[in-house]
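There's a structure below that I have some questions on.
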Amino acid sequence: MKRLWIVGILLAAVLTIDRFTKLAFMKASAPADVLRIGDILTFTQHQNHGVIANLPVPLPIIVLLTLAALLALVLLLKRTLDKGTTLQAAGLAIAIGGALGNLWDRLQWSFVFDWILLFNRSIINVADIAIAVGLLVYLLARPAKQPII
């Protein structure tokens with residue numbers, strides 16, 4: 001039961017932080033760069049209407065793929081709660097929170113709002129970071145003999 005609370009709190013925290021930061025940067029007055037830290041990090045505003053790297057894919061397909069990925073993550077989380085470690089479950093909760101954050105954007109605005117520009121190349125948001133970090137935590141916390149999926 002304690003692990004379920006941890007999962008719920010992490011998922012809600014990621015979703016809340018993602019929503020708060022996106023809304024804050026959307027309301028920023030400057031339409032271009034809001035803050036620049038050298039050539040490494042720029043806080044800006046960007047609407048991603050596609051998938052990774054703005055690849056153009058119709059919205060209904062993106063939503064269906066996201067729902068399928070979320071279903072897979074939830075089923076994996078259920079199995080992890082039964083047989084895995086708490087750290088694995090935490091990683092999956094973080095990833096699910098991120099995926100829900102980007103899905104929320106797509107359903108509300110039909111795009112994902114990105115605001116973190118890294119090295120003048122990749123533009124991401126908190127949800128993207130949560131997905132990557134959450135999956136990495138899940139994989140690294142996996143006992144050596146446990147299958148990945």
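The values are calculated or read from the model by the stated rules, or taken from the named source; none is laboratory data. The model shown is predicted, which means the values in this text are computed figures rather than measured ones. Cβ sites come from the backbone with ideal geometry, for glycine too, and all protein chains shown count toward neighbours. Calculation scope for accessible area: heavy atoms of the full protein, side chains included, ligands and nucleic acids excluded. Shrake-Rupley method; radii C 1.70, N 1.55, O 1.52, S 1.80 Å.
Enumerate the pairs (first residue in region 122-149 and more than 16 Å from Leu77 (Cβ to Cβ) and without any contact (Cβ under 8 Å) to a residue 40 or more places away in the chain; second residue anywhere and of a type in the set (Asp, Glu) and surrounded by 16 or more Cβ atoms within 10 Å (Cβ to Cβ)) with beta-carbon separation below 6 Å, excluding pairs fewer than 6 apart on the same chain, so at least 6 apart or on different chains.
Filtered contacts from region 122-149: Ile124/Asp114.
Right, here's the next one. Step by step: first the residues of region 42-65, then only those that are at pLDDT below 85 and assigned to a helix (DSSP H, G or I), then the one that is least open to solvent (accessible area, probe 1.4 Å). Which residue is that?
Top of the filtered list is Asn54.
Tally the residues that are within 17 Å of Ala89 (Cβ to Cβ) and assigned to a helix (DSSP H, G or I), restricting the search to region 99-149.
Residues that pass the stated criteria total 12.
Got a sec? Which of Ala68, Ala90, Ala95, Ala72 is closer than 23 Å to Phe25 by Cα and assigned to a helix (DSSP H, G or I)?
One residue alone meets the criteria, Ala95.
(1) more than 29 Å from Phe119 (Cα to Cα); (2) in contact (Cβ under 8 Å) with a residue 24 or more places away in the chain; (3) open to solvent by 90 Å² or more (accessible area, probe 1.4 Å): which one isn't true of Asp39, the others all being true?
Single failed check for Asp39: (1).
Considering only residues of region 103-121 that are free of Cβ contacts under 8 Å to residues at least 60 places away in the same chain and open to solvent by less than 50 Å² (accessible area, probe 1.4 Å), which is nearest to the chain's Cα centre (by Cα)?
Out of the qualifying residues, it is Leu103.
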